[in-house]
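Here the structure comes first, spelled out in structure tokens, and everything after it is commentary.
The values are calculated or read from the model by the stated rules, or taken from the named source; none is laboratory data. A quick note: this is a predicted structure, and the numbers were derived from the prediction, not measured. Cβ sites come from the backbone with ideal geometry, for glycine too, and all protein chains shown count toward neighbours. Calculation scope for accessible area: heavy atoms of the full protein, side chains included, ligands and nucleic acids excluded. Shrake-Rupley method; radii C 1.70, N 1.55, O 1.52, S 1.80 Å.
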Amino acid sequence: MIVDAHVTLASDRATPRDFLEAQAANVASRLAAYGVRDRYGAVLDQLLAGYQDHDGDRLVAELDEAGIDQAVLVAADYSRASRHAVAPEELARLHRRVCSRHPGRFRVMWGVDPRAGAEGVELFERCVTEYGFAGMKLYPLTGYSPSDRRLYPYFEVCAARGLPVLTHTGPGWGPLDFTLGRPLLVDDAARDFPTVNFVLGHGGVTHVDEASYLCAHRPNVHLDISQFPSMLSADGWAAHLNRLFHTGINHKILFGTCWPSFRLSASLTTVVDEFTGEAVLAGVKRRERQMIMSGNVLRLFGAAPAAVTRGGPDGGRHRSPAPGADRVDRELERR
């Protein structure tokens, strides 16, 4: 079984235009350095065209093709960072509709912002109790620490309901404050709420030493490896991940892709095929491979989403195996 612990909805209602503009500018800058100039407009148009999957149909088709059984849908609150961001209530309804259309496929980590006050806590609780959202997402780069005391009422809700917290680490986009992406900033919250499980988003890709240090010494701190296909490593992401998988914290590592953020350069199927190849998982015990691919995230979230047939909005009572899942199972068994 494969569970992608970190995907986003390819919708410009969930990912604001500012984010896509910054991504396009980055791509255009790199192309210009190689002599390919004036590509910003074309790249932005291509990105915008790919972020119209408001109902999640394309995302589910890509997950099916890649052999991914379930995914955690991350919904960040950009309402104080982007003039294009939709209101949190609208964003919640959007993700609820996607989950209803594709039952059994997604869990939602709902984005909060400590500056929302009591109304934000109330909305979070409603998203959990009425919409069935499964955890909380923090995006500190928009202007706060993940240990901000104004977040403590949210953490109390998570502690009472057994909900995990995913916090972004590493760089972001546009005018955001990258200094707020250090993993150690979550340490106060992790210490003050020992029964809440914190996940360092991208922790296996940026600030890796710091993130690994926290995972090794804080029982309630974990990391995901999302965004690994575009990581900075002289010998490539496969060699980097293989080293990470030999540091003794495989019980804390969650497989994740951050799909579709690198859709312009690779397909999800190609990435999953390469990940399950020998180079990445060489020397990793079978049980630990299963922990990374699904066991750890399922342990954090508890019971699985309702089991239904994949692929269509009408659903059904039985969920068939993921395309490619038998291939992965055989490969794990062989090794």
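The table for this structure:
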| quantity | calculated |
| --- | --- |
| Length gained when the stretch residue 216-residue 290 is fully extended (0.36 nm per residue, less Cα-Cα span) | 24.7 nm |
| Loop-located chymotrypsin sites (Phe, Trp or Tyr not before Pro) in segment 1-79, at most 14 other Cβ atoms within 10 Å (DSSP) | 34 |
| Potential extension, residue 36-residue 61 segment - 0.36 nm per residue separation minus Cα distance | 5.7 nm |
| Segment 193-207 - phi-based ³J(HN,Hα) in whole Hz, Karplus 6.51/-1.76/1.60, Gly and Pro as x | 10, x, 8, 9, 8, 9, 10, 8, x, 6, x, x, 10, 10, 6 |
| Residue (of 78, 258, 276) at the positive-pole extreme of the chain, dipole from beta-carbon charges | 276 |
| Sequence of 12, 187, 4, 192 when ordered by accessible area, the most exposed leading, probe 1.4 angstrom | 192, 12, 187, 4 |
| Lys, Arg +1 and Asp, Glu -1 on Cβ, resulting dipole of the chain about Cα centre, debye, nearest 20 | 460 debye |
| Cα lying deepest toward the dipole's positive end in the chain, options 23, 145, 108, charges on Cβ | 108 |
| Residues residue 26 and residue 279, FRET efficiency given R0 of 25 Å [Cβ-Cβ distance, rounded to 0.05] | 0.35 |
| Interchain or long-range residues, amide H under 5 Å from residue 254's placed H | 223, 224, 225 |
| The chain: C-alpha gyration tensor shape, a/c 1.5 cut-off, then a/b vs b/c | rounded |
